[in-house]
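**Student:** Sharing a structure below in structure tokens format, with a few things to ask.
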Amino acid sequence: MSHHIAVGALLVECNHFGGIPTDLDSFHRTQFLQGDDLLALDEGTLGGYFEVLCDSKEEFSIIPTLAATACPGGLVTDEAYAQIKSTLLSELESARDNQQLDGVLLALHGSAAAESHSDLEGDLLAAVRNLVGPSVPIVATLDLHAHITQQMIDHSDVLIAWETYPHRDARETGVRGAKAMADILTGKLKPTMAMGIAPVLVGAILGATDGDGPFARTMKLAKEIESSDEVYSTSAFLVHPYLDAPEMGGGGLVITHDNQNLANQLAQEIAEFYWEQRFALEPELYEIDEAIELGLAHAGTVVLVETADCCGGGAAGDSVQVLPALLALGPAVSSVIPVVDQLAASACHAAGIGATLDLQLGHRHDPKWGKPLAVEATVVNLTDGRFIYQGGIWDGCEGNMGPAAVVKVAGVFICLASFPTYEWCGEQYSALGIDVTQMKFIVAKNPMNYRMAFEHCSENFMVLDTSGPTPATCRHLPYKQKVRPAFPWDPELENPIRLLQ
């Protein structure tokens, strides 16, 4: 007997506090595939799905629907979400009406939000469940920064998350998700699921899953629990804290075989352990001037981590808060900084390499976090902004900064992009012809991958205390929804764990 499995994806991480709205063009710049075009994917989460469904001894027929992926950003526009949602549902409805739908596999992020839906994935899963009915299993794979909601639990049978940060196991997680679907359909798994949530809202600076950090310890516990014969799957979550959604937190999700009480108990255990790590998850921060003074006293290259302007967390990438301090060092001190500024990049392309022109730089895509800085700059390089990711979840995929330029002011190389892109391993700097080993200061705008990108040329990393929509600490973010009581504002709470089942 052949089982018909619908496969789709909607992967984007959103930010309520800033960033550029995520419209349909944002998806088309990254990935927007429909129908049989999905079947060409052999990497990433969908590649993992297809590996299992195509190679399994069981007979599975794949119904490809839609794969929409975008760089993290501001809220998904209602127009974009409506089109993606309607396309997916239309494909599912056609399969259902032809009596060819036995399961739905969805690659989701878990921290997407639209203008009218703060819980986008929950809304999408509810719509899918309403269409396919209660008997068709729905399995979704998620980022480990997902915000797990009751709606997501209610309308899915299995949720499984990536296990690495920096992320590098999307395909492996796809394999796990597809195997869960196969096990449900062949009667090997009757899933019972529970999520324990600890009210901890922290940035991802100390959220690595390698080594012996606080989140690595939480992940290790979750995987030890998974090794039990009574447990089918566990996932640990460090929630993306830049959503403004009620009752957020991290913790653990447990799936057992027809044993809800055990799932509840173990999810509670992981969440309690995660709560115990809360103080270790808050990083040491440096003011800009302090970091530069300390950096000048260090031999070699220094990496200034401006996580508050992280495109990978949904920020616009247009901050120039660090630039004045770098310019003040004069032409003898070489530095490099990335800035998303479409108008400035366009002006550079119009002027040409070698031209000197007056520019207003920064804070024009998301102006609430600062004002543009006037500079006289010389254009030293121009590119189309395209590059290839080398590793991680987008390994081998093309990134697209749009028309890009490098300008020099004093000793600072300013890398101008038209569109924000996810930072993985310094590919943007390389594509723009920047040799980071020649720099005294490198500005990195991400909370984790900076070590992987620059540890070959630096042992000195300092996290800056700057303002923006993706700060290293959440203490000062203007949440409007009910996120408290929660750490770091309320460090001591009785019975802090909530259980979703």
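The values are calculated or read from the model by the stated rules, or taken from the named source; none is laboratory data. Source: prediction; values computed, not measured. Every residue, glycine among them, receives a Cβ derived from its backbone with ideal geometry; neighbour counts consider all protein chains shown.
**Student:** Within the bounds of region 339-349, is there any residue that is crowded, with 24+ Cβ neighbours inside 10 Å, assigned to a strand (DSSP E or B) and not assigned by TED's automatic domain parsing to the domain that holds GLY207?
**Tutor:** The answer is yes; a qualifying residue exists.
**Student:** Here's a follow-up. Search region 352-392 for residues being more than 21 Å from ILE20 (Cα to Cα) and among the small types (Gly, Ala, Ser), and hand back the single one that is surrounded by the most Cβ atoms within 10 Å (Cβ to Cβ).
**Tutor:** Going through the qualifying residues, I end up with ALA377.
**Student:** Also: For region 202-244, how many residues meet the condition of being within 20 Å of GLY313 (Cβ to Cβ) and touching a Lys or Arg at 6+ places or on another chain (Cβ under 9 Å)?
**Tutor:** 6
**Student:** Is there a residue being surrounded by fewer than 21 Cβ atoms within 10 Å (Cβ to Cβ) and either among the charged types (D, E, K, R) or free of Cβ contacts under 8 Å to residues at least 40 places away in the same chain (or both) anywhere in region 101-113?
**Tutor:** no
**Student:** Can you say whether THR470 is farther than 16 Å from PRO241 by Cβ, of a type in the set (S, T, N, Q) and modelled with pLDDT of 95 or more, as far as the supplied structure shows?
**Tutor:** Against the criterion (farther than 16 Å from PRO241 by Cβ, of a type in the set (S, T, N, Q) and modelled with pLDDT of 95 or more), THR470 does not qualify.
**Student:** Restricting region 477-500 to residues that are in contact with a Ser or Thr (Cβ under 8 Å, 6 or more places away or on another chain) and in a loop (DSSP other than H, G, I, E, B), which is farthest from HIS16 (Cα to Cα)?
**Tutor:** The selected residue is PRO488.
**Student:** Further question on the same structure: With the requirement that a residue be surrounded by 23 or more Cβ atoms within 10 Å (Cβ to Cβ), touching a Leu at 6+ places or on another chain (Cβ under 6 Å) and farther than 19 Å from THR173 by Cβ, what does region 115-155 give you?
**Tutor:** Once the filter is applied, which keeps residues that are surrounded by 23 or more Cβ atoms within 10 Å (Cβ to Cβ), touching a Leu at 6+ places or on another chain (Cβ under 6 Å) and farther than 19 Å from THR173 by Cβ, region 115-155 yields nothing.
**Student:** For GLY211, state whether it is in contact (Cβ under 8 Å) with a residue 40 or more places away in the chain and within 16 Å of THR164 (Cβ to Cβ).
**Tutor:** no
**Student:** Can you report the number of residues in region 301-338 which are in a loop (DSSP other than H, G, I, E, B), within 18 Å of VAL412 (Cβ to Cβ) and among the small types (Gly, Ala, Ser)? Walk me through how you get there before you give the answer.
**Tutor:** Initially, region 301-338 is screened for residues in a loop (DSSP other than H, G, I, E, B), giving 306, 310, 314-322, 328-334.
Subsequent filtering for residues that are within 18 Å of VAL412 (Cβ to Cβ) retains 306, 317-322, 328-334.
Subsequent filtering for residues that are among the small types (Gly, Ala, Ser) retains 317, 319, 328, 330, 332, 334.
The number of residues fulfilling the criteria is 6.
**Student:** Could you look through region 35-82, keep only residues that are modelled with pLDDT of 95 or more and of a type in the set (S, T, N, Q), and pick out the one that is nearest to ALA182 (Cα to Cα)?
**Tutor:** Only one residue tops the list, namely THR45.
**Student:** Does ARG171 satisfy the criteria of being under 26 Å from MET452 (Cα atoms), surrounded by fewer than 23 Cβ atoms within 10 Å (Cβ to Cβ) and of a type outside the set (Ser, Thr, Tyr)?
**Tutor:** Yes; evaluated as a whole, the condition is true for this residue.
**Student:** Check whether at least one residue in region 269-284 is out of contact with any Cys (no Cβ under 7 Å at 6 or more places or on another chain) and more than 28 Å from LEU477 (Cα to Cα), and report yes or no. First the steps, then the outcome.
**Tutor:** Applying the first criterion (out of contact with any Cys (no Cβ under 7 Å at 6 or more places or on another chain)) to region 269-284 yields 269-284.
So of that shortlist, the ones also more than 28 Å from LEU477 (Cα to Cα) come out as 269.
Checked against the condition, which is being out of contact with any Cys (no Cβ under 7 Å at 6 or more places or on another chain) and more than 28 Å from LEU477 (Cα to Cα), region 269-284 yields at least one hit.
**Student:** Name the one entry in THR256, THR234 that is more than 25 Å from LEU46 (Cβ to Cβ) and in contact with a Leu (Cβ under 8 Å, 6 or more places away or on another chain). Reasoning before the result, please.
**Tutor:** Details: THR234 fails: more than 25 Å from LEU46 (Cβ to Cβ).
Among THR256, THR234, only THR256 is more than 25 Å from LEU46 (Cβ to Cβ) and in contact with a Leu (Cβ under 8 Å, 6 or more places away or on another chain).
**Student:** Now a separate question. Filter region 11-51 down to the residues that are surrounded by fewer than 24 Cβ atoms within 10 Å (Cβ to Cβ), in contact with a Leu (Cβ under 6 Å, 6 or more places away or on another chain) and closer than 22 Å to GLY392 by Cα and list them by number.
**Tutor:** If the condition is that a residue be surrounded by fewer than 24 Cβ atoms within 10 Å (Cβ to Cβ), in contact with a Leu (Cβ under 6 Å, 6 or more places away or on another chain) and closer than 22 Å to GLY392 by Cα, then GLY47 is the only one that fits.
**Student:** For the condition touching a residue at least 12 places away in the same chain (Cβ under 8 Å) and more than 30 Å from ASP395 (Cβ to Cβ), what is the one hit in VAL158, VAL132, VAL139, VAL128?
**Tutor:** Result of the check over VAL158, VAL132, VAL139, VAL128: VAL132.
**Student:** From (1) modelled with pLDDT under 95; (2) closer than 16 Å to SER319 by Cβ; (3) surrounded by 16 or more Cβ atoms within 10 Å (Cβ to Cβ), pick out the condition that doesn't hold for GLY399.
**Tutor:** Looking at each condition in turn, GLY399 falls short on (2).
**Student:** Scan region 387-445 for residues that are aromatic (Phe, Trp, Tyr) and either without any contact (Cβ under 8 Å) to a residue 60 or more places away in the chain or in a loop (DSSP other than H, G, I, E, B) (or both) and jot them down.
**Tutor:** PHE387, TYR389, PHE419, TYR422, TRP424
**Student:** Return the only residue of SER86, SER61, SER90 being under 24 Å from SER118 (Cα atoms) and more than 26 Å from the chain's Cα centre (by Cα).
**Tutor:** Answer to the check: SER90.
**Student:** May I ask you to say which residue of PRO246, PRO241 is in contact (Cβ under 8 Å) with a residue 12 or more places away in the chain and touching a Cys at 6+ places or on another chain (Cβ under 9 Å)? Talk me through it step by step, then tell me what you get.
**Tutor:** Values: PRO246 fails: touching a Cys at 6+ places or on another chain (Cβ under 9 Å).
Of PRO246, PRO241, the one residue that is in contact (Cβ under 8 Å) with a residue 12 or more places away in the chain and touching a Cys at 6+ places or on another chain (Cβ under 9 Å) is PRO241.
**Student:** While we're here: What's the number of the condition ALA280 fails, among (1) buried (at least 18 other Cβ atoms within 10 Å of the Cβ); (2) touching a Pro at 6+ places or on another chain (Cβ under 6 Å); (3) of a type outside the set (Ser, Thr, Tyr)?
**Tutor:** Of (1) buried (at least 18 other Cβ atoms within 10 Å of the Cβ); (2) touching a Pro at 6+ places or on another chain (Cβ under 6 Å); (3) of a type outside the set (Ser, Thr, Tyr), only one is false for ALA280: (1).
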